[in-house]
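J.: One structure is given below, represented as structure tokens, and several questions about it will come after.
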Amino acid sequence: MSNFRIGFGYDVHQLQLGYDFWLGGIKLEHEKGAVGHSDADVLIHVICDALLGAANLRDIGYHFSDKDPKYKGIDSKILLKEVMLLLRNEGYEVGNIDTTVCLQIPKVNPHIVAMKKCLSEVMEVEERNISIKATTTENLGFVGREEGVSAYCVALIYTI
């Protein structure tokens, strides 16, 4: 019998002019980008947190401190690859992940296929085990005012 565990991730990044906008490992064309110590890929960050949480390995900030200059501007795909190593070293494999991105603009839907392909390659899991959904906040709150982006993730892992 397999040991199943679930984890949850939530993250927010401010949007500002002059920054690149990375989401799900791909660069979106937009006048604003997410601000953060790394490349501020909110989708990858929530996936990392959900996976780490499921394995009881703390959170992304514990493993990749924003106080450490070696992570300044780092590609979040590198962080996700490291999280997958941590997970597999503990004897876990990914069952599936389910994510939701909250963003007013740009529209995420046209990029979901490319994001799933990218994440699948980085994580070495099948695309069918990665769900990416998107929603707006109907112009309400910081997301609706286009001041930020947020994302949620749940992950199922199991022992191998």
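J.: Leaving out ligands and nucleic acids, note down the accessible area per residue over the range 43-107 with a 1.4 angstrom probe, in whole Å².
T.: For the range 43-107, the per-residue accessible area is 45 Å².
J.: For the full complex of protein chains and a 1.4 angstrom probe, list Ser38, Ser76 by accessible area with the highest value first.
T.: Largest accessible area first, the residues go Ser38, Ser76.
J.: Around Ala134, which amide H atoms from residues at least 5 apart in sequence, or from another chain, sit under 5 Å from its own amide H, with H modelled in the peptide plane?
T.: Val101
J.: Can you tell me which lysines have their Cα less than 20 Å from the Cα of Lys81? Leave out same-chain residues fewer than eight positions away.
T.: Lys27, Lys70, Lys72, Lys116, Lys117
J.: Using a 1.4 Å probe, how large is the accessible area of Phe8, given in Å² and rounded to the nearest 10?
T.: 120
J.: What is the distance in Å between the Cα centroid of the range 36-53 and that of the range 129-145?
T.: That distance is 16 Å.
J.: Note down the Stokes-Einstein diffusion coefficient of the range 97-160 in µm²/s, whole number, using a Kirkwood radius over alpha carbon pairs, 25 °C, and 0.890 mPa s.
T.: It diffuses with D of about 192 µm²/s by this estimate.
J.: On to the next question. Roughly how many Å² of Ser65 are accessible to a 1.4 Å probe, to the nearest 10?
T.: 40
J.: Still on this structure, I have one more. Please list, in order along the range 52-61, the HN-Hα scalar couplings obtained from phi with the Karplus expression 6.51 cos²θ - 1.76 cosθ + 1.60 (θ = phi - 60°), rounded to whole Hz, x for Gly and Pro.
T.: 4, x, 4, 8, 6, 10, 6, 9, 4, x
J.: If you plug each phi of the range 62-75 into the Karplus form 6.51 cos²θ - 1.76 cosθ + 1.60 with θ = phi - 60°, what whole-Hz ³J(HN,Hα) values come out, in order, with x for Gly and Pro?
T.: 5, 7, 9, 4, 6, 8, 8, x, 5, 9, 4, x, 5, 5
J.: While we're on this one: Across the range 20-31, in residue order, what do the Karplus-derived ³J(HN,Hα) couplings come to in whole Hz, using 6.51 cos²θ - 1.76 cosθ + 1.60 with θ = phi - 60° and x for Gly and Pro?
T.: 6, 10, 9, 8, x, x, 10, 8, 8, 7, 7, 5
J.: Give the average over all directions of the projected area of the C-alpha convex hull of the range 34-93, one decimal, in nm².
T.: 3.7
J.: The range 11-59: D in µm²/s via Stokes-Einstein (Kirkwood Rh, Cα pairs, 20 °C, 1.002 mPa s)?
T.: Once the numbers are plugged in, D ends up at 189 µm²/s.
J.: Now, a different point. Largest first, what is the accessible-area ranking of Val154, Val42 with a 1.4 Å probe?
T.: Val154, Val42
J.: Let me spell out the model: positive unit charges on the Cβ of Lys and Arg, negative unit charges on the Cβ of Asp and Glu, origin at the Cα centre of the range 1-95. What dipole size does that give, in debye rounded to 20?
T.: 200
J.: Any idea what the relative contact order of the range 5-80 is, in percent, if you count C-alpha pairs under 8 Å spaced at least 6 apart?
T.: 33
J.: Report in % the part of the accessible area of the chain that belongs to carbon and sulfur, leaving out ligands and nucleic acids; probe 1.4 Å.
T.: 52
J.: Alpha carbons only, please: Rg and Dmax for the chain, in angstrom.
T.: Cα radius of gyration and Dmax of the chain are 15.0, 51 Å respectively.
The values are calculated or read from the model by the stated rules, or taken from the named source; none is laboratory data. Keep in mind the model is a prediction, meaning the values are calculated, not measured. Positions of Cβ are generated from backbone atoms using ideal geometry, with glycine treated the same way; all protein chains shown enter the neighbour counts. Protein only, heavy atoms only, side chains kept; ligands, DNA and RNA dropped before computing areas. Shrake-Rupley method; radii C 1.70, N 1.55, O 1.52, S 1.80 Å.
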